[in-house]
Amino acid sequence: MNKAITDGLILMPLAFQVGLDQWSSEDGTPGSATWAGSANAALVTADQDFGDALEILKQQDVTRLRFMGQTPLLPGCYLRVRARVKAMSGNLPSVRIAGWAGGAGEVHVAGLIETGPSLILTTYGKVETIEAIIGAGNRTGVDMIWGTAPIFGHFGLDLTGANGGVVRIDDIEIEDVTSVFLRKMMDWIDVRDFGARGDGVSDDAAAFEAADAAAAAAGRELLVSAGTYFLDADVTLEAPARFEGRVTMPDARRLSMTRSFDLPSYADAFGDEELGFRKAFQALLNFSDHESLDLGGRRIEVTGPIDMAAAVANKTTFSSRRVIRNGQLNVIDGPAWTPVSASSLASYNPAVPTTLSAVANVANVPVGALVTGNGVGREVYVTAKNVGAATLTLSQPLYGAAGTQTYGFTRFQYVLDFSGFAQLDRMILENVEILCNGAASGILLAPAGQVFHLRDCFINAPKDRGITSHGSGCQGMMVDRCQFLSNEQALRSQDRTTIGFNANSNDLKIRDNRAARFRHFAVLGGNGNLLVGNHWFQGDNETAGLRLAGVVLAGINVKSAITGNYIDNSFVEMTNEYEATPDFANQFSFGGLTISGNIFTANDVAPWFSWIVVKPFGSGHFIQGLNISGNVFKALNGAIDRVETVDTTFATLDNSRMRNIRIEGNAFNAVNQVIANPVSFEHDQVTAATVWTVSAGALLPFGGWARNLEAVTAEGMITGPAGERRSDMPFAAVAQGAAKQDITLNWLAASKGRVKLRLRMDNPN
């Protein structure tokens, strides 16, 4: 590149013979003194070395020679000022190229180096060449680094040293030597050419913006050449960027690369993939140019929890759709992943169901910590704390903790920690693998928010949790086509502690996922959930082994559907452990659930294992609105007694209030007792009697009573003791016997024969 050629710039000063009034003995600015008519200067013609030359008798400590014309300076353009000189007589001085930096308005730009290297003249009559290079960029070989503030210069030379010597000077030359630094044909613009120093200290933000504007206008790449560039401002780059050097910024400053918005570019910019990810996420939430951050298939080595809110630094709420996709986060084990534990004495009042009060050392309890203690249900977390009031806000009520006790608090460490946001909506992770490596947990959601979406992702070997919601940030959460792999594959199911995910809010869509060998795949506290097409399995290698719940439905009357899943070596558990007063009063009770079209299987389990378990934490509860239909139940390596049961650890169900339960069309394999409701069966009365006692017994699900007889049909003739035909119709009495699972058919006279019955253990409406 040569601006004198390409842009027609006039760089060369006038020859001395044109007139010494064009040459200043001061700084070269208008009005400064010139060499014209000076007693110690003369124009010499026909010098044997120079032809026409200027001869000066040095009489001042610094004798200046400056061209009064304004030599233009452009960003990216480098000028070489060259002169040939020789000493003629007297004392031998030193010589150096010098200039005066002029800015807009023809004012002097102070604070710059305006002299080049000095050369001592040692011999009379010897021609010496002195030169210096001037330019905006901090490049090797540039003698006067002026940045972009100067737009012109007055150039010449200085004589320094002893006075009294006579020196002759050839015409001064100025030429464009940009090609020394840059390729003649290039598709990039370097930030150094616009004043970026790359020393890691100077603020290069303005230079980056200027260089980017030029690159974008010219359709070129922006080159950040070798160096460390400190940017102390928010910088937006519109041109594609290429990094040989790296960038440093304060945490609160943002770099937005609109044409290079991907993790590889940010990793190159900051010289570190983890830091690059944080800064790219910061830009994602601060600019509308992109809705997604592509990780470029890169593997990010993560050395500690990534505080996503701290990375953004300036937002506590965000509601626009944003996507992080296509990469891998790989945990490097270290002390940063150690969970934080605390214990505190605190009081609980069921009338204030989500508050712990009078919490000792409340400041030491971390938000997001799992709460443990007597009467605390599974997956209860600290949502917020008030140090001044000594209170903690909990994600769920406690079922049996009234009074004062010591609670444990454990804050797991998560690869992606969104808990610093007050509310975060519509955040999506797509095709992202989180390799927890048994050292870290996966994702901690914000305390509030809607429609967090995880799709086509893997969460591998979490130390404690895959996804945790410690508030309502799980509202409407969607998890699609993901895989959760436990770090506890070799342990017995009852020894495992890890959980795939939990939720406190409503309307989850959990579809087509696969989960292996957690303690629980999911603990769900809300209503309106759909679990469709998933496969979760929690077996082990123990013969007649214990199995735990795969899905825990801890929200009462869940209004949910579990459809088309493969439920393997685990069970579906319905509880009300998230009620502060778990005894039934006037709330809904268990139900609102459809379990249909699922495959249930179990291997090497104890006979008392069941796939559907109801566990009331208080008395007086019942089931209302339950549909179990079209499922296949199959036990391998040993049969089980039945597919459903009531866990009476805390309480039993009130069978007198069972309502709207439908269990039909299921297939039972290696199950000793089939169930249905309504149930159809037959009774043979061999001995004539006026009262037939008919027992439905174990056919009735959940230990239910024989409450409603829908139909009685005689199969064949009903006869008396002598075989005489009976034509009367018996009346029935329901809920008979000690277990209330019998009915009696009362005949006008002693009768015998076979009847078919259709019986319910509930009221149909």
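Let me confirm something: among Gly156, Gly90, which residue is surrounded by fewer than 18 Cβ atoms within 10 Å (Cβ to Cβ), of a type outside the set (Phe, Trp, Tyr) and in contact (Cβ under 8 Å) with a residue 60 or more places away in the chain? When all the criteria are applied, what remains is Gly90.
If the condition is being farther than 24 Å from Val107 by Cβ and modelled with pLDDT of 95 or more, then the range 134-161 contributes Leu159, Thr160, Gly161.
Just one of (1) surrounded by fewer than 18 Cβ atoms within 10 Å (Cβ to Cβ); (2) over 60 Å from the mean Cα position of the chain (by Cα) fails for Leu54. It is (1).
For the range 568-581, the set of residues classified as touching a residue at least 40 places away in the same chain (Cβ under 8 Å) and either under 18 Å from Phe702 (Cβ atoms) or of a type in the set (Asp, Glu) (or both) consists of Phe571, Val572, Glu573, Met574, Thr575, Asn576, Glu577, Glu579, listed by residue number. Considering the range 293-394, the qualifying strands (runs of 3 or more DSSP E), each wholly inside and each with 3 or more residues that are among the aliphatic types (A, V, I, L, M) and within 15 Å of the chain's Cα centre (by Cα), run over 322-331.
As a summary of the residue check, Gly564 satisfies the conditions (1) surrounded by fewer than 22 Cβ atoms within 10 Å (Cβ to Cβ); (2) within 23 Å of Arg496 (Cα to Cα); (3) modelled with pLDDT of 95 or more except for the one numbered (2).
When the residues of the range 257-292 are filtered to those that are outside any helix (DSSP H, G or I) and either hydroxyl-bearing (Ser, Thr, Tyr) or not assigned by TED's automatic domain parsing to the domain that holds Arg220 (or both), which remaining residue is modelled with the highest pLDDT?
Filtering first and then ranking leaves Ser292.
Just one residue in the set Arg496, Arg465, Arg455, Arg481 is crowded, with 24+ Cβ neighbours inside 10 Å, farther than 17 Å from Phe281 by Cβ, at pLDDT 95 or above and basic (Lys, Arg); that residue is Arg465.
For Ala714, the stated conditions hold: it is of a type outside the set (Asp, Glu) and either in contact with a His (Cβ under 9 Å, 6 or more places away or on another chain) or surrounded by fewer than 17 Cβ atoms within 10 Å (Cβ to Cβ) (or both). Looking at the range 34-45, is at least one residue part of a loop (DSSP other than H, G, I, E, B), of a type in the set (Phe, Trp, Tyr) and either within 16 Å of Leu159 (Cβ to Cβ) or not assigned by TED's automatic domain parsing to the domain that holds Leu14 (or both)? Within the range 34-45 (the criterion being part of a loop (DSSP other than H, G, I, E, B), of a type in the set (Phe, Trp, Tyr) and either within 16 Å of Leu159 (Cβ to Cβ) or not assigned by TED's automatic domain parsing to the domain that holds Leu14 (or both)), the answer is yes, since at least one residue qualifies.
Of the strands (runs of 3 or more DSSP E) lying entirely inside the range 545-649, those containing at least 1 residues that are under 27 Å from Gly471 (Cβ atoms) are 549-553, 560-563, 571-575, 590-596, 612-615.
Close Cβ contacts (under 7 Å, 6 or more residues apart or on different chains) running from residues in the range 713-733 that are in the same structural domain as His683 (by TED's automatic domain parsing) and part of a loop (DSSP other than H, G, I, E, B) to residues that are among the basic types (Lys, Arg) and surrounded by 13 or more Cβ atoms within 10 Å (Cβ to Cβ) comprise Gly720/Arg726.
As a summary of the residue check, Ile10 satisfies the conditions (1) outside any loop (DSSP other than H, G, I, E, B); (2) at pLDDT below 95; (3) loosely packed, with under 15 Cβ neighbours inside 10 Å except for the one numbered (1). Take the residues of the range 208-253 that are basic (Lys, Arg) and over 18 Å from Pro264 (Cβ atoms): which is farthest from the chain's Cα centre (by Cα)? Top of the filtered list is Arg220. The set of residues in the range 455-496 that are among the β-branched types (Val, Ile, Thr) and out of contact with any Gly (no Cβ under 7 Å at 6 or more places or on another chain) comprises Thr468, Val479.
The values are calculated or read from the model by the stated rules, or taken from the named source; none is laboratory data. Keep in mind it's a predicted model, so treat the numbers as computed, not measured. Every residue, glycine as well, gets a Cβ built from its backbone with ideal geometry; the counts of neighbours run over all protein chains shown.
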